[in-house]
1. Give the calculated FRET efficiency between Arg250 and Val105 to the nearest 0.05, with a Förster radius of 35 Å applied to their Cβ-Cβ distance.
2. Given the C-alpha atoms of the chain, compute the convex hull and give its volume per residue in Å³.
3. Between region 261-318 and region 1-67, what is the separation of their alpha carbon centroids in Å?
4. Report, in cubic angstrom per residue, the convex hull volume of the C-alpha atoms of region 176-317.
5. Using 7 Å Cα-to-Cβ label points, what is the Ser198/Asp150 separation (nm, one decimal)?
6. Assuming R0 = 41 Å, can you tell me the calculated FRET efficiency for the pair Lys295 and Val18, based on Cβ-Cβ distance, to the nearest 0.05?
7. Could you work out the helix-only [θ] at 222 nm for the chain, with each DSSP H run of four or more residues adding -39,500 (n - 2.57) and the total divided by the number of residues, to the nearest 500 deg cm²/dmol?
8. Which of the helices in the chain meet the span-like rule: DSSP H, Cα axial reach of 20 Å or more, Kyte-Doolittle mean at least 0.0?
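All of the numbers you see were taken from the coordinates with simple rules; none came from a lab. As the structure is a prediction and not an experimental result, all values here were calculated from the model. So basically every Cβ, Gly included, is an ideal-geometry build from the backbone, and we count neighbours across all protein chains shown.
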Amino acid sequence: MRRAVIIGTGSALPARRVTNTELAETVDTSDEWIIARTGIEARYIAGEGETTASLATEAARKALDAAGIAPSAVGLIILATATPDQTFPASATKVQAALGINDCVAFDVQAVCSGFLYALSVAESMIRAGTADVAVVIGAETFSRILDWDDRTTCVLFGDGAGAVVLQAQDGERGVLATRLHADGRHNELLYVDGGPSTTGTVGKLRMKGQEVFRHAVTNLAKVTNEVIEAAGLSVADVDWIVPHQANRRILDATARKLGLAPEKIIITVDQHANTSAASVPLALDVAVRDGRIKPGDLLVLEAMGGGFTWAAAAVRY
Ligand code: UT7
């Protein structure tokens, strides 16, 4: 069976790391509060010249190097982001140009924190349909540019970064086994940006009712994780690693408890990266691949939930 196999991963972070203590110099917060409520110790913040497309390009290059694939072999680039460099064209085309690829399919996907899972699912379908043999799927964000730095209930939670995977069509047992995507647009006002090209003509700032998002997140993530495991014909006991969206350490712990999963099976990077929205799942995946925890043949479940609401999961034989 023709499947989309992850043959390389990569990631990129801005140069500047900002600790909670440094944040507390300008925001009414504390290292103790942020760690206790979220598990976040630090985040990376993009500086001048660092953009969603530049971080995405670096992550994509590293993933292509890890895969041993030349950019010229890439037939499809999908970039998941809610913070594109420009309203249009798609930042995926900036990545394409930076990689020196003159003709391939390239577009952005917008599903906020679930964006990478949505992009992975679309890429996998296109690979199975024969549209491309090699795809680069990226999650990249610069949420620091849409944060209200006077709102302590949101600005301490997010960071910037990018993660990427290279998918290749292969016959066999490895690859994306199943995906499940969901959206429920009734919850727009719980997590949104208060601007946009067609409404205010401005970029806007992120707004969130954190407690309500938290409640939905635990329920939806546990549910979609079970769904995708079942769709792949497997059980929770078969899972080697959960690679979750990194929003809050307490969400990861609560979801693991609800699933009956050992906490050691959860890849956690929220402590060092904070919430990087669409970048968080591929960033966490790359960290765990490079430090040797995730090995070829392991069964992974990738899952995420975010604005929309959207939520999604993928079962992958790595
Ligand atoms: O990526 C998309 C998905 N996003 C999420 O999953 C986020 C989900 N939500 C959360 O992670 C949590 O709800 C938060 C981390 C956002 C907030 O944690 P919480 O335990 O729900 O805190 P809370 O909102 O109930 O606030 C508790 C207190 C409040 O003070 P009072 O009213 O009890 O006096 C807040 O004003 O903490 C206060 N507070 C802060 N204090 C210090 C809120 N933010 C801060 C802060 N520093 N940064």
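1. After rounding to 0.05, the efficiency reads 0.35.
2. Dividing the Cα hull volume of the chain by its residues yields 123 Å³.
3. 13 Å
4. 116 Å³
5. About 3.0 nm separates the two model spin labels.
6. On the way: r = 33 Å, r/R0 = 0.80.
Plugging the Cβ-Cβ distance into 1/(1 + (r/R0)^6) gives 0.80.
7. -9500 deg cm²/dmol
8. Helices meeting the criterion: 52-67, 115-129.
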